[in-house]
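> Here you go, one structure.
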Amino acid sequence: MLEHGYIQIYTGDGKGKTTASLGLALRAIGHGWKVLIVQFAKGDQANYYGEILSSSKLMPNLEVVQFGLSRVVYSHNINIDDYKEARKGWEFAKNAINSKKYQLIILDEINICADLGMIKVSEIKDVLINRPKNIEIVLTGRRAHPELISMAHLVTEMTPVKHYFNEGVMARQGIEY
């Protein structure tokens, strides 16, 4: 059990935020930790994301739960069902944090939910401030809010330098998802 868990943020426009958090999860599981990944805005796609497919097969100490519709959420396509899914995910995450069942909890794409107003930044801050102090919590997603960045202990910004998407290459199975 951790004596003190920290808050980490992986943000930015570059590729690799979720991937970095999964690497951390794999490392923690190797040391016997119980890990939870709550994926926001990635629901109804259990047979799509490789991390979902592999987690149930390879890692009994990893639980992955998805909340969202079967599409990517942007400011131009957001609807009431997106808000409902985000709220369900947030309630689940809060209960998990307070359960003290996990040593590492990854809130995948929660930054997007905060940026789009699906979850209030003040609510996220309150939960992080009042969390059990021996849980490591990771927040991923573009456009992390400055107040969350300020309270985090570790912040990594992924910056795109070059990406084959710019050459017209679409997301590839096994690499991007």
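> Just wondering, is there one or more residues in the range 92-104 that are of a type in the set (D, E, K, R) and over 14 Å from the mean Cα position of the chain (by Cα)?
Looking for residues that are of a type in the set (D, E, K, R) and over 14 Å from the mean Cα position of the chain (by Cα), one finds at least one in the range 92-104, hence yes.
> Okay, moving on. Does the range 48-56 contain any residue that is surrounded by fewer than 23 Cβ atoms within 10 Å (Cβ to Cβ), outside any helix (DSSP H, G or I) and either among the aromatic types (Phe, Trp, Tyr) or modelled with pLDDT of 95 or more (or both)? Talk me through it step by step, then tell me what you get.
Of all residues in the range 48-56, those surrounded by fewer than 23 Cβ atoms within 10 Å (Cβ to Cβ) come to 48-56.
Going one step further and asking which of them are outside any helix (DSSP H, G or I), we end up with 48-49.
Filter once more, keeping what is either among the aromatic types (Phe, Trp, Tyr) or modelled with pLDDT of 95 or more (or both): 48-49.
Yes, that holds for at least one residue.
Quick grid of which residues meet (1) out of contact with any Lys or Arg (no Cβ under 8 Å at 6 or more places or on another chain); (2) under 23 Å from residue 29 (Cβ atoms); (3) open to solvent by 50 Å² or more (accessible area, probe 1.4 Å):
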position: 69; (1), (2), (3): yes, no, no
position: 73; (1), (2), (3): yes, no, no
position: 90; (1), (2), (3): yes, no, no
position: 97; (1), (2), (3): no, yes, no
position: 102; (1), (2), (3): no, yes, no
position: 113; (1), (2), (3): yes, no, no
position: 135; (1), (2), (3): no, yes, no
position: 166; (1), (2), (3): yes, no, yes
position: 174; (1), (2), (3): yes, yes, yes
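> Among the candidates 23, 12, which residue alone is open to solvent by less than 70 Å² (accessible area, probe 1.4 Å), under 15 Å from the mean Cα position of the chain (by Cα) and modelled with pLDDT under 95?
Unique residue meeting the criteria: 23.
> Just the residues that are under 23 Å from residue 9 (Cβ atoms) and exposed (fewer than 12 other Cβ atoms within 10 Å of the Cβ), please, taken from the range 154-164.
154, 159, 161, 163
> Another question, then. Inside the range 99-123, can you point out the residues that are basic (Lys, Arg) and closer than 18 Å to residue 60 by Cα? Before the answer, list the steps.
Step one: of the range 99-123, the residues basic (Lys, Arg) are 100-101, 120.
Of everything in the range 99-123, those that are basic (Lys, Arg) and closer than 18 Å to residue 60 by Cα turn out to be 100, 101.
> Quick check on residue 109: is it surrounded by 13 or more Cβ atoms within 10 Å (Cβ to Cβ), at pLDDT 90 or above, charged (D, E, K, R) and out of contact with any helix residue (DSSP H, G or I) (no Cβ under 6 Å at 6 or more places or on another chain)?
The answer is yes for residue 109.
> Sticking with this one: For the range 26-46, what are the residues that are charged (D, E, K, R), open to solvent by less than 70 Å² (accessible area, probe 1.4 Å) and at pLDDT below 95?
Passing the criteria: only 42.
> Before we move on, is residue 119 of a type in the set (Val, Ile, Thr) and open to solvent by less than 20 Å² (accessible area, probe 1.4 Å)?
Working: of a type in the set (Val, Ile, Thr): yes; open to solvent by less than 20 Å² (accessible area, probe 1.4 Å): yes.
Considered against the rule, which asks whether it is of a type in the set (Val, Ile, Thr) and open to solvent by less than 20 Å² (accessible area, probe 1.4 Å), residue 119 comes out as yes.
> Taking residue 152, is it of a type in the set (A, V, I, L, M, F, W, C) and over 17 Å from the mean Cα position of the chain (by Cα)?
No: the conditions fail for residue 152.
> Among (1) at pLDDT 90 or above; (2) within 19 Å of residue 21 (Cβ to Cβ); (3) open to solvent by 20 Å² or more (accessible area, probe 1.4 Å), there is one condition residue 86 misses while meeting the rest; what is its number?
Among (1) at pLDDT 90 or above; (2) within 19 Å of residue 21 (Cβ to Cβ); (3) open to solvent by 20 Å² or more (accessible area, probe 1.4 Å), residue 86 violates only (3).
> Filter the range 5-18 for residues that are touching a strand residue (DSSP E or B) at 6+ places or on another chain (Cβ under 9 Å) and of a type outside the set (A, V, I, L, M, F, W, C) and give the result. Walk me through how you get there before you give the answer.
Our first condition is that a residue be touching a strand residue (DSSP E or B) at 6+ places or on another chain (Cβ under 9 Å); within the range 5-18, this holds for 5-14, 16-18.
Scanning the range 5-18 gives 5, 6, 8, 10, 11, 12, 13, 14, 16, 17, 18.
The values are calculated or read from the model by the stated rules, or taken from the named source; none is laboratory data. Owing to the predicted nature of the structure, the values given are computational and were not obtained by experimental measurement. Backbone-built Cβ (ideal geometry, glycine too); neighbour counts: all protein chains shown. SASA here: full protein model, heavy atoms, side chains in, ligands and nucleic acids out. Shrake-Rupley method; radii C 1.70, N 1.55, O 1.52, S 1.80 Å.
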